[in-house]
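One structure, as structure tokens, below. Some questions next.
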Amino acid sequence: MLPITVIVPVRNAESMVEACLAGIVRADPGEIIVVDGNSTDRTVEITRRFPVTILSDNGRGVPAARMLGIHAARYPVVALIDVDIVLPEGALEALYAEFSDGNYDGLQAGLVSISGKGYWGRALVAHHNNGRSKNWPGVMATIFRKQVFLDHPFDERFRSGEDIELRWRLKKAGLKLGVSRQTKVQHRFGDTYAVAKDQWLQDGKGLGRMVAKYGLPALSLLGIPAAGAVRGILLSLVRFQPGWIPYYLGYLVYNYAAMPGGLGERMT
């Protein structure tokens, strides 16, 4: 048994929750907590088939769901696993060993994105598997010391961009964070334009929130979508894959379209 608590926030995830929980259960962690955000589909029904504790965040959002699970956790080490993650055999055990041996405060598994055969799913996969952000420590398949969140809780106002905001504070606090190059997990994307557009909008709004909270020191973050789009388009041309260019143009436009919504929020 792994001496950790695994926390999985879910909301209307009936198509993903079974594969996610099956991989976690196979790893035999000491405790699994699923936090539901008022799902209206079969997510909770499917979840009850597994040996887990089910809590509800009453629809307050993913950061609040994670904090609810963290406060309820019995173990001093917690794994945050998003419902769109599938753990291959042995992955959680290997990540925990690397986390312990390296004396990390937070260690994320390497993410290998997958999707369907449609254009938008393949474009999301190409972007995320080749983008620089895959090397930035996040929270979607990550083991942390529980005390990290007791000292530096999620800012629950960040319903998107919470990973960037948390990483900002943890790095300033001098904590040891990393992304594993040894342990890989699957990160699943939906295969529709709506999924891609929502991803872009949430990313842009999260960056806007960062500037609303931190002001001038965070202003450089607003350049991330432009840099990502330029890099993606250039790589598409160099690799003779111009078909991805419409994806990167959508990424650019919708990120910046969403930013004013985040900038206008009261974050201080």
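The values are calculated or read from the model by the stated rules, or taken from the named source; none is laboratory data. Everything numeric in this text was worked out from a predicted model, so none of it was measured. Using ideal geometry, Cβ is built from the backbone for each residue, glycine included, and neighbour counts are taken over all protein chains shown. Surface areas here come from the heavy atoms of the whole protein model, side chains and all, with no ligands, DNA or RNA. Shrake-Rupley method; radii C 1.70, N 1.55, O 1.52, S 1.80 Å.
Within the range 141-240, list the chymotrypsin sites (Phe, Trp or Tyr not before Pro) lying in a DSSP loop whose Cβ has at most 11 other Cβ atoms in a 10 Å radius. Show your work: numbers first, answer last.
Numbers: sites: 144, 149, 154, 158, 168, 189, 193, 200, 214, 240; in loops: 154, 158, 189, 240.
Taking the range 141-240 and a limit of 11 other Cβ atoms within 10 Å, the loop chymotrypsin sites (Phe, Trp or Tyr not before Pro) found are 240.
Provide the FRET efficiency to the nearest 0.05 for the residue 147-residue 26 pair, computing r from the beta carbons and using R0 = 30 Å.
Numbers: r = 28 Å, r/R0 = 0.92.
Once the sixth-power term is evaluated, E becomes 0.60.
For the range 186-218 and the range 76-128, what is the separation of their Cα centres, given in Å?
First find each Cα centre; the distance between them is then 19 Å.
Which of the GluC sites (Glu not before Pro) found in the range 81-173 are loop residues per DSSP with 14 or fewer other Cβ atoms within 10 Å of their Cβ? Write out the running numbers ahead of the final one.
Values: sites: 89, 93, 98, 156, 162, 165; in loops: 89, 156.
Passing sites in the range 81-173 are 89.
Still on this structure, please answer the following. Strictly over 29 Å apart at the Cα level, which of 134/197; 117/176; 134/176; 117/146; 117/213; 134/172 would you flag in this model? Walk me through the numbers before you get to the answer.
On the way: 134/197 19 Å; 117/176 38 Å; 134/176 17 Å; 117/146 39 Å; 117/213 39 Å; 134/172 20 Å.
Among 134/197; 117/176; 134/176; 117/146; 117/213; 134/172, the Cα-Cα distance tops 29 Å for 117/176; 117/146; 117/213.
With a sphere of radius 14 Å drawn around the Cβ of residue 246, what net charge do the other residues whose Cβ falls strictly inside it have (Lys, Arg +1; Asp, Glu -1)?
Values: positive: 122, 197; negative: none.
Here the count lands on +2.
Using Cα pairs under 8 angstrom and six or more residues apart, how large is the relative contact order of the chain, in percent? Let's see the in-between values first.
On the way: 506 pairs, mean separation 48.9, N = 268.
Here the relative contact order equals 18 percent.
Per the 1.4 Å probe, what fraction of the accessible area of the range 192-264, in percent, lies on carbon and sulfur atoms? Kindly include the intermediate steps, with their values, before the conclusion.
Details: 2580 of 3590 Å².
That share works out to 72 percent.
Using +1 at the Cβ of each Lys and Arg and -1 at the Cβ of each Asp and Glu in the chain, identify which of 186, 86, 224 lies farthest towards the dipole's positive end.
After comparing all options, I get 224.
Taking the Cβ-Cβ separation of residue 257 and residue 101 as r and a Förster radius of 35 Å, what is the calculated FRET efficiency to the nearest 0.05? Can you show the working numbers first?
On the way: r = 44 Å, r/R0 = 1.26.
After rounding to 0.05, the efficiency reads 0.20.
Further question: Heavy-atom accessible area per residue, the chain, 1.4 Å probe: how many Å²?
46
Let me check against my output: what whole-number percent is the relative contact order of the range 81-181, with C-alpha pairs under 8 Å and at least 6 apart? Provide the component values of the computation, followed by the final result.
On the way: 101 pairs, mean separation 38.7, N = 101.
Answer for the range 81-181 is 38 percent.
Run lengths n ≥ 4 of DSSP H only: what is the helix-derived mean residue ellipticity at 222 nm for the chain, with -39500 (n - 2.57) per run over all residues, to the nearest 500?
About -14500 deg cm²/dmol.
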